[in-house]
Amino acid sequence: MLKVGLTGGIAAGKSTVGEMLVALGAHLIRADEISHELMLPGGTVYDEVVRHFGREILDPDGKVNRKRLAEAAFGGGSGRSRIEELNRIVHPAVLRKQEQWMEEIGRRDPAGIAMVEAALILEAGARGQFDRLMVVTCRSEQRIERWARRTGVDEASARAEVTRRMAAQWPDEEKVRAADFVIDNSGPLSETETQVRTIFPRLQREATGKAKS
């Protein structure tokens, strides 16, 4: 089984590329969904997150309001970022869950491709968890346009949010240098899909080779 990390900056199109790979036969889990599950009441990191960031981040039903948590972690209007503090709490538990999931995929599909979509693979020091790293890129202005469409905010708000989130991520240039495969998602989706279809057989051959060795 081949372990592949799928990463890229905010609004680069990781999920789009992930969906294309799943359609071709890859298994996929998203780190963002894992962290959401772990932060549910009773979840592995729920109590510690609430203890560090206060009950102000909770909805009336006791669930973590992710928008409020993001505002607290990225500093809100205070300018003081606490994102590293949040990452220290959440990342170890997410990495353990990812590894457990990949081990399960390996048992079920020894020649399969287990792919983890995560924005902060390199930032979390998790590159060693994977056999191959795939990085999705796009132009800076596209990130802002896509974030505005996705969240329904105006361009100025999107620019501010993308800027503050990108400050917590490695720049594309560094991610590309660390990558085994790069998907340029700045053009039409048909071009992105062509790149994915070109890369996927190489992943399949490597996965098959690992299963036979």
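Relative contact order for the stretch 69-136 using alpha-carbon pairs under 8 Å, separation at least 6, rounded to a whole percent? Walk me through the numbers before you get to the answer.
Details: 24 pairs, mean separation 11.7, N = 68.
RCO, the stretch 69-136: 17 percent.
Between Glu71 and Gln142, the contour length at 0.36 nm per residue exceeds the Cα-Cα span by 23.3 nm. Let me make sure I get this right: for the chain, a, b and c are the square roots of the gyration tensor eigenvalues over alpha carbons, sorted descending. Under 1.5 in a/c it's rounded, otherwise prolate if a/b > b/c, else oblate. Which is it? Judged from the Cα gyration tensor, the chain comes out oblate (a/c at least 1.5, b/c at or above a/b).
If each residue's Cβ is checked for other Cβ atoms within 10 Å, how do Met39, Met166 rank with the fewest at the top? Before the final figure, lay out the partial values.
Numbers: Met39 22, Met166 16.
In increasing order of surrounding Cβ atoms, one gets Met166, Met39.
Label positions at Trp101 and Glu19, each projected 7 Å from the Cα along the C-beta direction, are separated by 1.7 nm. Take each peptide in 41-54, 126-139, 144-157, 24-37, count the other Cβ atoms within 10 Å of every residue, and average; sorted highest first, the result is 126-139, 24-37, 41-54, 144-157. Net charge in the neighbourhood of Met102 (other residues with Cβ under 14 Å of its Cβ; Lys, Arg +1, Asp, Glu -1) is +2. The spacing between the stretch 115-194 and the stretch 65-114, judged by their C-alpha centroids, is 16 Å.
Which value in deg cm²/dmol, rounded to the nearest 500, describes the helix-derived mean residue ellipticity at 222 nm for the chain, given -39,500 (n - 2.57) per DSSP H run of n ≥ 4 and division by the residue count? Each step should come with its number before you reach the end.
On the way: 9 runs with 117 residues, N = 213.
About -17500 deg cm²/dmol.
Counting only residues at least eight positions apart within a chain, or on another chain, the lysines with an alpha carbon under 17 Å from that of Lys3 are Lys14, Lys97, Lys210, Lys212.
Among bridges DSSP assigns within the stretch 2-212, what percent are antiparallel (round to 5)? If you can, show how the numbers build up before the last one.
Details: 1 of 19 bridges.
Within the stretch 2-212, antiparallel bridges account for around 5 percent of the total.
Bear in mind these aren't lab numbers, they're just calculated from the coordinates by the rules spelled out. Worth saying up front: this structure is predicted, and the values here are computed from it rather than measured. Backbone-built Cβ (ideal geometry, glycine too); neighbour counts: all protein chains shown.
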